[in-house]
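A.B. asks: There's a structure below that I have some questions on.
The values are calculated or read from the model by the stated rules, or taken from the named source; none is laboratory data. Everything numeric in this text was worked out from a predicted model, so none of it was measured. Cβ coordinates were reconstructed from backbone atoms using ideal geometry, including for glycine residues, and neighbour counts include every protein chain displayed.
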Amino acid sequence: MTETDKAKRTRTNVKQSKFGCFTCKARRVKCDEAKPSCRRCLTAQRHCQGYPRGAPTESSSPLTITTTSSTFTSPTSRLSSASSSPPILLTPDLLSLSSPLAKLACNVLVQSPRRAKNKLELEFWSRIVPQLTHSVPSVQAAVEAFGACYKEYVLRSDSTTTGLETTKRYIKALKLAQLDLSTMQHGPLPCMIACLLLASTEAIQQRLYSGHVHLNGALALMASHSSEEATQEAAPMIDKEYVSLFRKLDLHIATYAIGVAPHLPPQPPITAEDLLSGPPDQSLSRVLHSGYHFISAAYMYKYTSRRIIPPELLIEQGRQLSNMRQWLEYNQVPSPDTCGQDESLLVLRTQCLAALVYASCVLEPRETAYDSFGPEFEEIVTLVEALPPNTQPDHNLQHGDLSTLLSYTPEMGIIHPLYFVARKYRHRRWRRRALSLLIKSGREGPWCGEIEGAAASSLIWAEEGLAYKTSLDLVGPEDADMDDPINIPERNRVHVSGPVAVNDQENEFGTVESNQMSHKRLTMVHTFRCCDIEAMLRDDGHQPRHHPWKGSIHWEEWMDPLEPVT
């Protein structure tokens, strides 16, 4: 056979793809022609470059998305333009009817409030995850485990075997994820998604340590399969847009746990050009990531004498505060009339304001230091109040039995800023406004508005000298003198508090004392208060400490039961 004959031979045993994507054609592999991105590109961790003119429309694909355009919008577009697009919706026939738990899970993840998600993140949950659910067994199992957990622990199924279905699905997903990790058959991204969904499953059950382990696993996998220096010819196995998405999730670790640094190492210092040229969410992610690394390093010096604080730490504090203020200056809300169109920007500003106040006071031992940040605290509350109504947890979905879903989103949103205001801003009315918004905020990663609201209520009762479970409603007109934070003296102010699990072994077997939150693992509020800050600094402030109350006679601690806010 001549060389010419060889060149003219074509395969006849496989149906030819006339409208395959450009990426598959360049790779000379058969394209499955799924829209908007073919599954072969997804599983190979390659960017699908789209389809030629004349290809079947997206409506013929099993995945139908309601958007303003069928074309993919660059994730580097500004949030102000992206936020004006209508919500992305999944059709009821997105998934096979034989997988109702996967359908439930995908609807929860897509229909939950937008919060600070950019367009790529919206499409990640509405397109990428459902497509991988169809094609990758470990992702499908993790999605079903999340769906079972949501059904049993959030919707509170009436089944007498609550938790068994979640456990069965979770074990299956864990085994498949471990198998994928050992072979990397589908690449790192499906493994990372499976880890994230397993972390969400644990978070809903309030097994926060296990959830932390899964999230750290996803972040470690991402770090080992991405490269900032990769060239176009040797592209990283994970697109930088998805790296940005998971880097944002890393901030949950630093905001939820006091004095804990993000898992990923800090990035190079951000410049003014970076703040101006990049999308607001990505530039803020870099600012906050660096800021919480600083907060973690500075927190151990919070209750020490000013003389032993390293000078370089004070210099770094100034740099971090400058970056945060600069970001806020560059990303103003255009006008009150556009608040409904700038939902993402509003949420991002609340996150930056909370970090700004936290970083400003992290080296101040006295809680009265927070009183000077009234405008920042009040802006957080005002911004959340301006969010569109569909951010409430009980908005309806047009999917029959899924019409009363409560919101859950893996990303950071408004719960941490609102919780921060309710705890640290001692203005009577503003902290109650924050509390009212907090308990209606659904769930975000490890945060639960209901639980954080109960913990904040316990703190308010303690600081304001109210009897436990007293109604926090204020009657009568506003009184500037009575509402002023100065009315709560330093000795009455709580320094550290948070929900904790008690009698963990008993919780495993469901024998916790019965109350309205008995199905939850977090059942108590652990509170620490310094009785005499001056004496504490004099006697104990000679060395940095992560837990200043340990071994000190100047601190008191107690535990109260978590009670739902009425």
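A.B. asks: Taking the stretch 405-456 as the region of interest, how many residues are of a type in the set (V, I, T), in a helix (DSSP H, G or I) and over 18 Å from T470 (Cα atoms)?
C.D. replies: Filtering the stretch 405-456 for residues of a type in the set (V, I, T) gives 409, 414-415, 421, 439, 451.
Adding the requirement that they be in a helix (DSSP H, G or I) leaves 415, 421, 451.
Subsequent filtering for residues that are over 18 Å from T470 (Cα atoms) retains 415, 421.
Matching residues across the stretch 405-456 total 2.
A.B. asks: Here's another thing I want to ask about it. Check whether at least one residue in the stretch 99-106 is of a type in the set (G, A, S) and either surrounded by fewer than 23 Cβ atoms within 10 Å (Cβ to Cβ) or out of contact with any helix residue (DSSP H, G or I) (no Cβ under 8 Å at 6 or more places or on another chain) (or both), and report yes or no.
C.D. replies: First pass over the stretch 99-106, keeping only residues of a type in the set (G, A, S): 99, 102, 105.
Remaining after also requiring either surrounded by fewer than 23 Cβ atoms within 10 Å (Cβ to Cβ) or out of contact with any helix residue (DSSP H, G or I) (no Cβ under 8 Å at 6 or more places or on another chain) (or both): 99.
Checking the stretch 99-106: at least one residue is of a type in the set (G, A, S) and either surrounded by fewer than 23 Cβ atoms within 10 Å (Cβ to Cβ) or out of contact with any helix residue (DSSP H, G or I) (no Cβ under 8 Å at 6 or more places or on another chain) (or both).
A.B. asks: Please verify whether S227 is part of a helix (DSSP H, G or I), modelled with pLDDT under 90 and hydroxyl-bearing (S, T, Y), treating the condition exactly as stated.
C.D. replies: No, not satisfied.
A.B. asks: Another one. Checking the structure you have, find out if any residue of the stretch 508-525 is at pLDDT 90 or above and closer than 30 Å to Y303 by Cβ.
C.D. replies: Yes.
Listed here are the residues, each with its yes/no results for (1) over 24 Å from T201 (Cα atoms); (2) among the basic types (K, R); (3) at pLDDT 95 or above.
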{"residue": "T338", "(1), (2), (3)": "yes, no, no"}
{"residue": "T350", "(1), (2), (3)": "yes, no, yes"}
{"residue": "A355", "(1), (2), (3)": "yes, no, yes"}
{"residue": "P417", "(1), (2), (3)": "no, no, yes"}
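A.B. asks: Have a look at L345, L314 and point out the one that is modelled with pLDDT of 90 or more, touching a Leu at 6+ places or on another chain (Cβ under 7 Å) and in a helix (DSSP H, G or I).
C.D. replies: Among L345, L314, only L345 is modelled with pLDDT of 90 or more, touching a Leu at 6+ places or on another chain (Cβ under 7 Å) and in a helix (DSSP H, G or I).
A.B. asks: Hey, another quick one. Among residues belonging to the stretch 107-119 that are crowded, with 23+ Cβ neighbours inside 10 Å and of a type in the set (A, V, I, L, M), point out the one that is farthest from S344 (Cα to Cα).
C.D. replies: V108
A.B. asks: Going through the stretch 257-281 one residue at a time, which ones are buried (at least 20 other Cβ atoms within 10 Å of the Cβ) and outside any loop (DSSP other than H, G, I, E, B)?
C.D. replies: Listed by number, the residues that qualify are P280, D281.
A.B. asks: Working carefully through the options L132, L94, L176, L120, find the one that is farther than 21 Å from S441 by Cα, modelled with pLDDT under 80, touching a Pro at 6+ places or on another chain (Cβ under 7 Å) and hydrophobic (A, V, I, L, M, F, W, C).
C.D. replies: L94
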